1. Can you name the residue in region B:374-393 that is open to solvent by 70 Å² or more (accessible area, probe 1.4 Å) and closer than 17 Å to B:A283 by Cα and is also modelled with the highest pLDDT among such residues?
2. Select, from A:E228, A:E278, A:E290, the only residue that is more than 8 Å from every other protein chain (Cβ to nearest Cβ), open to solvent by 40 Å² or more (accessible area, probe 1.4 Å) and modelled with pLDDT of 95 or more.
3. Can you report the number of residues in region A:148-169 which are more than 20 Å from B:T387 (Cβ to Cβ) and surrounded by fewer than 23 Cβ atoms within 10 Å (Cβ to Cβ)?
4. Please indicate, with yes or no, whether at least one residue in region B:158-173 is of a type in the set (D, E) and either in contact with a strand residue (DSSP E or B) (Cβ under 6 Å, 6 or more places away or on another chain) or within 22 Å of A:G222 (Cα to Cα) (or both).
5. Identify, from the list B:L301, B:L282, the residue that is in contact with a Cys (Cβ under 8 Å, 6 or more places away or on another chain) and either surrounded by 24 or more Cβ atoms within 10 Å (Cβ to Cβ) or at the interface with chain A (Cβ under 9 Å from one of its Cβ atoms) (or both).
6. Being open to solvent by 10 Å² or more (accessible area, probe 1.4 Å) and either more than 7 Å from every other protein chain (Cβ to nearest Cβ) or in contact (Cβ under 8 Å) with a residue 60 or more places away in the chain (or both) is the filter here; which residues of region B:285-298 pass it?
7. Got a sec? Which strands (runs of 3 or more DSSP E) wholly within region A:23-136 have at least 1 residues that are in contact with a Pro (Cβ under 9 Å, 6 or more places away or on another chain), under 22 Å from A:T9 (Cα atoms) and modelled with pLDDT under 95?
8. Residues that are within 14 Å of chain A (Cβ to nearest Cβ) and touching a His at 6+ places or on another chain (Cβ under 9 Å): does region B:348-370 have at least one?
Amino acid sequence: MAILVTPQTRVLVQGITGNFGARHAQLSLDYGTQLVAGVTPGKGGQTFTHHDHHVPIFDTVAEAMQQTGAVASAVFVPPAVAADAILEGVDAGLELIVCITEGIPVTDMLRVKRALTGKMTRLIGPNCPGIVTPGEGPDSHGGCRIGIAPGYIHKKGHIGVVSRSGTLTYEAVWQLTSRGVGQSTCVGIGGDPVPGMSHLEVIQLFAHDPETTGIILIGEIGGSAEEEAAAWIKVHCKKPVAGFIAGSTAPPGRRMGHAGAIVSGGAGTAAAKIKAFEDAGIGVAATPSEMAETLLRMM
Amino acid sequence: MNIHEYQAKSLLIPRGVPLPPDGLCETAEEARAVAERLLAEGAVKLVVKAQIHAGGRGKGTFTNGYRGGVKIGTTADEAYAFAQAMLGNVLVTAQTGPAGRRVNRVLVALAPDIRRELYAAVLLDRARGCPVIMASTEGGMDIEQVAAQTPEKIIREFIDPTLGFQAYQGRKLAVALGLTGNLISAAVKAFAGLYRAWWECDAALIEINPLCVVAEPDGRLSLLAVDAKMTLDDNALFRHPELQAMRDLAEESPLEVEASKYALNYIKLDGDIACLVNGAGLAMATMDIIKHYGGEPANFLDVGGGATTEQVAAAFAIIMRDANVRAILVNIFGGIMDCDVIAQGIVTAVKETGVKLPLVVRLEGNNVQAGKQRLAASGLTIVSATTMADAAQKVVAAAQVASELS
């Protein structure tokens, strides 16, 4: 089944006519994703063309959903208007919004979080690589790719991957694929301090997904999301989980690239997170080179 | 982005946070004039405070041996002497690192008759996804220590961002802090002002330590924020040009300032192995694995997902300006980008910047074979690595050899 998206999931792109959005819409189409609509206010009625694909563009998310049956969205709009784009998707009733945009103000995300309360819409990101459910074809072609992850590194299989970091997710996925081990779904939840879905929420979905048999959980310094996921895993998760925490060597009080990657007030250290992992029976990779191996040893 | 105490005060006063009267001074003469004005207005004691972006000023020492970046006196002559001792000199505190910070400005302020020291802060509660006002009866102390040793002395009031701060929340905090009488409404006003400043300025943190109960000359008690620390959300600066203008480049590492011009995420560290990586998580993990194999990272450097040749060249130039660096590790996961293009960028950048240090490159991803061939054919002495572990071991060994030779 995979989680959150399947190869059949119909996807729209908010900001499809921008450079970044267009480039990744093309890559998703090349990957075989059911990318059925684009949204750019003022460009409704135009068409996004890529090879043989002709994707209709709409002015609003609601119209795009109504006309094409899209249920998930990739948000590629600039940070100043990204919260508004997410809120539009929530209002229109999208099942899933994946916000790639980096640099959204915290107060904007706090309002978005409140707007999501009690709604059926799930948000992945912002400041994330997105989600991939690999397809059955060569280089996992035919899968659902929402965001900016390289599709070809994936392979259809049974390991769930969840991470705050983009390239570290690719690293883990590539370690698996190079060993002939495939993935059910890979989710990059993003590096911001106020994210949509947390590690915990994604782990819960993996734990209940019959197709997922093992999980790689990648965290980093800052906040306590990894500890919360570990506490739940300790009690509820029967599947093997391996993890890695980035930032053991990061100086306290400094933001390490990601807005959320900061040890502040002695909280959010790598040591505390690693300890929480160990307490929960999560296999901790000693180095980022051993993420896949650590999991495979447990299986 | 951090701002100075005097800048934070300028944002808090118009929003109703009570702060002592003061004046900003760049010369000792100005300090004397401000002191004379405050004394004429009725001040009994004065405080002279060094303006740098670091805490622990009071317990700090100047590199010339002068002790204390926060000094209390009673006369204008004293204020003059304190300012003269501080201005232009370098203050080292527990938070500045051994290099310290040059003091270019001092704040001369009324020093009140303090009866109680409390603590107040507004920040983001990441676990709940909402702002929180944090307060404590243990003001004037290191709040991290209070939280660790006596967590029950930290009071929290969570704010619904759509409703904003409510007066009753201020009363709850005031009563929990043991305030009574007119101080309750004074606290409500102060907390409301702090929250308003946090939200309106898109702050990441506002910290008042201490928030003081002070006795006025007539014996009445009132509240006064005796120190103010404010950090702003970098992501929101685009909509606050007036706050952007508060950036003080003198407080930042020159290499970090240079890196920010090229949209590079660079943080200087103390080790001797430089790294250049795409992606923040991978960059952190690269530092970690260098340490794991016995090396010390010289920096954090994330060149981003779509780094251009110009950015990579700028990144090498910045690395080369760090005199501690003995070896360089480039770790790129070329997911979408063609590894051959990345290799081309590395070769150009290395040739342009004349890098002579041992260079280990680990490329992975799209078209990686072509990339590796290009590096091998470049005529440059580049050590190629396969996995992150391989790369880290090779660069640690190279740095060790370089250190033995020097």
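1. Top of the filtered list is B:Q393.
2. A:E278
3. Counting residues in region A:148-169 that are more than 20 Å from B:T387 (Cβ to Cβ) and surrounded by fewer than 23 Cβ atoms within 10 Å (Cβ to Cβ) gives 3.
4. The answer is no; no qualifying residue exists.
5. Values: B:L282 fails: in contact with a Cys (Cβ under 8 Å, 6 or more places away or on another chain).
Step by step, each of B:L301, B:L282 is checked, and only B:L301 is in contact with a Cys (Cβ under 8 Å, 6 or more places away or on another chain) and either surrounded by 24 or more Cβ atoms within 10 Å (Cβ to Cβ) or at the interface with chain A (Cβ under 9 Å from one of its Cβ atoms) (or both).
6. Within region B:285-298, B:H292, B:Y293, B:G294, B:E296 meet the criteria.
7. Values: elements: A:35-39, A:47-50, A:53-58, A:72-75, A:96-99, A:122-124, A:130-133.
Output list is empty.
8. No, region B:348-370 contains no residue that is within 14 Å of chain A (Cβ to nearest Cβ) and touching a His at 6+ places or on another chain (Cβ under 9 Å).
The values are calculated or read from the model by the stated rules, or taken from the named source; none is laboratory data. All of these numbers come straight from a predicted model, not from anything done at the bench. We place every Cβ from the backbone using ideal geometry, glycine too, and count neighbours over all the protein chains shown. Only protein heavy atoms, including side chains, enter the accessible area calculation; ligands, DNA and RNA are left aside. Shrake-Rupley method; radii C 1.70, N 1.55, O 1.52, S 1.80 Å.
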